[in-house]
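Since the structure comes first, as structure tokens, the remarks are kept for the end.
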Amino acid sequence: MLALADCNNFFVSCERVFQPGLEGRPVVVLSNNDGCVVARSTESKALGIKMGTPFFKVKDMVDKGALEVRSSNYTLYGDLSRRVMNILRDGVPGIQVYSIDEAFLELDGIPEKKWKPLCDSLVRRVKMWTGIPISIGIAPTKTLCKVANHFAKHYKGYHGVCIADTPEKWEKALKLTPIEDIWGIGWRMAPKLQAKGVATGWDFVLRPASWVQKQMGVQGLRTWKELQGTPCIEEEALERRKSICTSRSFADLITDKEELTLRVSDFAAICASKLRKEGSAAGEVALFMQTNRFRPDLPQYFPFAARRLEVAASSTQVIVGAALELLDTLYRSGYGYKKAGVIVDQTVAADSVQGSLFDDRAGTREKEDTVSRLMDQVNLGTGKNLLRVATQRPGHYADGIRREHCSQRYSISWKELLEVR
């Protein structure tokens, strides 16, 4: 049996932990550069604010005091996520962290009569120790856990924990679940199914397997089986990401190559750090840049280039070096660049990298890998790129991004601790 623990309105909840005045008020959290809404409180959803709404469309509500707004504070969110996951990890036999605010809990070996008391205690413990409210859905498959979690979150009678452990309970829940809310279907596939008379999760389950496979392929058939209690989704960790991209839109147009060098170095360093975290190495590094397509009065330029590495690597020095070589190739003066990004591709397991017969840098690569691991150890605790290559910017990776409504990193920085008067 599995359980899905999901933090409620996570980004907003993180802001409320240290700003209790936000409780009960409509709150939204914005994307990088304060572009659009990426998280909403229950109160802001009730106002009709949709995910992805551009900030300028709700700014008037903010100015009138009808809506609270915060810039994304991913350093704070990441720290609180780590604390929540550690509490969950200590309470169950196994855990699969699915995202920054979700984790699947393994309940194997725990007697059925203890499922509810255990999950009730986890809900209380996480709230008490971190201030973050969570909901837990219990079911035999991950897709059914998602359904159960939805009921735990939106129906107060469950007190944060919903168990869907029998076919009768699945049927009742799926009849009340719109097809677009089923994990694995979503808004892209939902219109096609709705046009064929599939309005709810239960309508989908009643269709024959052959029909499901014809309409949605193997992935759709897996979802169909999961909704009937047959586990079909493997652990997410078993599938290594084939590529990783780090990109940003700039608050202002950048024309200076030296400034672009700093930004591209940061993006490449983040990609390298992510590779090491996943135990991967990249065989190719790519770079893209973009001018502002919404400014037709300005010259337009959208270059892209990739470089194959002689030996797959994950060290910051190699990834940054390759990205800057590409920048030298792509950069053209006379353009104002609005966005840039680095992509590391063709990843392999770091412990199975195939060397080159004529590689004369084997010793150097080993030293670079050691230095990069040391950088990770130091930077992990600071939230800043304290140890970095010379072409990177000092300070936090998010420096230079518009964050006019950003809260403090209350749990990370000694200089930003909550002040109580």
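The values are calculated or read from the model by the stated rules, or taken from the named source; none is laboratory data. Note that the structure is predicted; figures quoted are calculated from it, not measured. We place every Cβ from the backbone using ideal geometry, glycine too, and count neighbours over all the protein chains shown. We work out accessible area using only protein heavy atoms, side chains counted, and drop any ligands, DNA or RNA first. Shrake-Rupley method; radii C 1.70, N 1.55, O 1.52, S 1.80 Å.
Summary table below
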| read-out | value |
| --- | --- |
| Matching residues in the range 330-352 - criterion: being at pLDDT below 95 and in a helix (DSSP H, G or I) | Ala350, Asp351, Ser352 |
| From Val58, Val12, Val38, residue being closer than 26 Å to Ala251 by Cβ and at pLDDT 95 or above | Val12 |
| Where a residue in the range 319-334 is over 17 Å from Ser372 (Cα atoms) and its partner, wherever it lies, is assigned to a helix (DSSP H, G or I), with Cβ under 6 Å and at least six apart | Leu327/Val264; Tyr331/Lys257 |
| Failed item, numbered, when Glu180 is tested on (1) touching a helix residue (DSSP H, G or I) at 6+ places or on another chain (Cβ under 7 Å); (2) open to solvent by less than 70 Å² (accessible area, probe 1.4 Å); (3) of a type in the set (Asp, Glu) | (2) |
| Matching entry among Ala39, Ala103, Ala46 (being open to solvent by 30 Å² or more (accessible area, probe 1.4 Å), under 25 Å from the mean Cα position of the chain (by Cα) and small (Gly, Ala, Ser)) | Ala46 |
| Candidates Thr223, Thr230 - the one that is in contact (Cβ under 8 Å) with a residue 12 or more places away in the chain, closer than 25 Å to Phe104 by Cβ, assigned to a loop (DSSP other than H, G, I, E, B) and among the polar types (S, T, N, Q) | Thr230 |
| Pairs, first under 15 Å from Pro20 (Cα atoms) in the range 407-420, second open to solvent by 50 Å² or more (accessible area, probe 1.4 Å), C-beta under 6 Å, six or more apart | Tyr410/Leu418 |
| Given (1) without any contact (Cβ under 8 Å) to a residue 12 or more places away in the chain; (2) in contact with a helix residue (DSSP H, G or I) (Cβ under 8 Å, 6 or more places away or on another chain), index of the condition Lys113 fails | (2) |
| Conditions (1) more than 30 Å from Thr143 (Cα to Cα); (2) in contact (Cβ under 8 Å) with a residue 40 or more places away in the chain; (3) not acidic (Asp, Glu): number failed by Ser72 | (1) |
| Of all residues in the range 305-318 being touching a residue at least 24 places away in the same chain (Cβ under 8 Å) and open to solvent by 60 Å² or more (accessible area, probe 1.4 Å), the one that is nearest to Asn32 (Cα to Cα) | Arg308 |
| Test: residue in the range 51-63 that is at negative phi and touching a Lys or Arg at 6+ places or on another chain (Cβ under 6 Å) | no |
| Checking Tyr301 against (1) at pLDDT 90 or above; (2) assigned to a helix (DSSP H, G or I), the condition it does not meet | (2) |
| Failed item in (1) farther than 28 Å from Arg403 by Cβ; (2) crowded, with 17+ Cβ neighbours inside 10 Å, with Gly229 passing the rest | (2) |
| Pair list, Cβ < 7 Å and 6+ apart or interchain, from the range 176-193 residues that are within 18 Å of Gln213 (Cβ to Cβ) and among the acidic types (Asp, Glu) to residues that are assigned to a loop (DSSP other than H, G, I, E, B) and open to solvent by less than 80 Å² (accessible area, probe 1.4 Å) | none |
| Any chance Arg82 is part of a helix (DSSP H, G or I), open to solvent by 40 Å² or more (accessible area, probe 1.4 Å), at pLDDT 95 or above and over 22 Å from Pro140 (Cβ atoms) | no |
| Test: residue in the range 126-137 that is open to solvent by 60 Å² or more (accessible area, probe 1.4 Å) and either under 18 Å from the mean Cα position of the chain (by Cα) or under 18 Å from Leu30 (Cβ atoms) (or both) | no |
| The lone exception for Leu275 - which of (1) of a type in the set (A, V, I, L, M, F, W, C); (2) open to solvent by 10 Å² or more (accessible area, probe 1.4 Å); (3) under 27 Å from Asp351 (Cα atoms) it fails | (2) |
| Hits in the range 36-66 (condition: more than 23 Å from Lys153 (Cα to Cα) and aliphatic (A, V, I, L, M)) | Val58, Met61, Val62, Ala66 |
| Residues within the range 111-143 that are aromatic (Phe, Trp, Tyr) and either farther than 27 Å from Gly78 by Cβ or outside any helix (DSSP H, G or I) (or both), tallied | 1 |
| Of all residues making up the range 142-160, the number that are crowded, with 24+ Cβ neighbours inside 10 Å and not small (Gly, Ala, Ser) | 5 |
| Residues of the range 59-79 satisfying the condition of being closer than 30 Å to Ile233 by Cβ and either outside any loop (DSSP other than H, G, I, E, B) or open to solvent by 40 Å² or more (accessible area, probe 1.4 Å) (or both) | Tyr74, Tyr77, Gly78, Asp79 |
| Checking Arg295 against (1) open to solvent by 70 Å² or more (accessible area, probe 1.4 Å); (2) not in a loop (DSSP other than H, G, I, E, B), the condition it does not meet | (2) |
| Out of Gln194, Gln219, sole residue that is in contact with a Gly (Cβ under 8 Å, 6 or more places away or on another chain) and open to solvent by 40 Å² or more (accessible area, probe 1.4 Å) | Gln219 |
